[in-house]
């Protein structure tokens, strides 16, 4: 066992070298990798160590998300490559034990979230251009359909107290942002614009909802309160900005900025709209997730020729690669 002196000395050396101090020992990253032939779920430490395979199935398993108490992982499983919507929602223990299917025909690449109390999972499901929002318990019981309007209802996002849900819907012709109670009642539209409004992301601290809108002619980030008031535009450069992800303290939003064929990750500070471009390599940088302390961002990058998991400083963009094989869908615990 390391002595306190050894730990202090190691920390001092790290500071001298300009390295990030390690995340706490409970900080793990879930991700998908096909290093063993097909896509499976793995976990690893924040430094890339202790990479552990959790699923061992013939299906492709991707899109892991941690439960709030870190005891479970929900993920998407592709049961067929020919059906229109071949993905199912599965849940397993954080060590890979007891995997079980809890829902079918999910919107594979759409937003899915655990409820703040960890009892339910929120997702979109359906087909034939008619997605609806559902919740289900982690054991597969209590499947509840929350929306049933014509059109697509997708990308649902919990309020921090778990009493409300934001989502996007095409029920009125083009995508707009809606809010409803957690039981599906009181569905109300909070944006009204001829352009596309989608990808809502509820602040983890208050009633603000970040979303993406093309109302200016390009894709930009906006903020709005859950009652539809205090609409604010956050970004306004020539890039198309999308996939907003809040930091845990709700002070910043990481997002993807697209310029032609280049996909970069940027961060905007809400208080003063200060915008920092963290990546600038050709190709894809995205699928981003904040570290628990908000100091780092895990993401996928193709900068080395293979899309692998990287971790970067959320201020400087200094990055390190932590997987060597093709990887996707990193999620920080």
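The values are calculated or read from the model by the stated rules, or taken from the named source; none is laboratory data. Please read these numbers as outputs of a predicted model, since none were measured by experiment. Here Cβ is always computed from backbone atoms with ideal geometry, including for glycine, and neighbour counts include all displayed protein chains.
Could you say whether any residue in region 256-265 is within 15 Å of the chain's Cα centre (by Cα), buried (at least 21 other Cβ atoms within 10 Å of the Cβ) and closer than 17 Å to residue 211 by Cα? Looking through region 256-265, at least one residue is within 15 Å of the chain's Cα centre (by Cα), buried (at least 21 other Cβ atoms within 10 Å of the Cβ) and closer than 17 Å to residue 211 by Cα. Could you please find all residues in region 204-223 being in contact with a strand residue (DSSP E or B) (Cβ under 6 Å, 6 or more places away or on another chain) and in contact (Cβ under 8 Å) with a residue 40 or more places away in the chain? Of everything in region 204-223, those that are in contact with a strand residue (DSSP E or B) (Cβ under 6 Å, 6 or more places away or on another chain) and in contact (Cβ under 8 Å) with a residue 40 or more places away in the chain turn out to be 204, 207, 208, 209, 210, 211, 221, 223. Of the candidates 228, 217, 173, 140, the single residue that is within 23 Å of residue 271 (Cα to Cα) and part of a loop (DSSP other than H, G, I, E, B) is 228. Are any of the residues in region 144-154 in contact with a strand residue (DSSP E or B) (Cβ under 7 Å, 6 or more places away or on another chain), in contact (Cβ under 8 Å) with a residue 40 or more places away in the chain and exposed (fewer than 14 other Cβ atoms within 10 Å of the Cβ)? Yes: region 144-154 contains one or more residues that are in contact with a strand residue (DSSP E or B) (Cβ under 7 Å, 6 or more places away or on another chain), in contact (Cβ under 8 Å) with a residue 40 or more places away in the chain and exposed (fewer than 14 other Cβ atoms within 10 Å of the Cβ).
Restricting attention to region 118-137, the residues that are under 22 Å from the mean Cα position of the chain (by Cα), assigned to a loop (DSSP other than H, G, I, E, B) and free of Cβ contacts under 8 Å to residues at least 40 places away in the same chain add up to 1. When residue 106 is tested against (1) surrounded by fewer than 22 Cβ atoms within 10 Å (Cβ to Cβ); (2) modelled with pLDDT under 95, only condition (1) is not met.
For region 167-180, the condition holds for at least one residue, the condition being that it is buried (at least 20 other Cβ atoms within 10 Å of the Cβ) and within 15 Å of the chain's Cα centre (by Cα).
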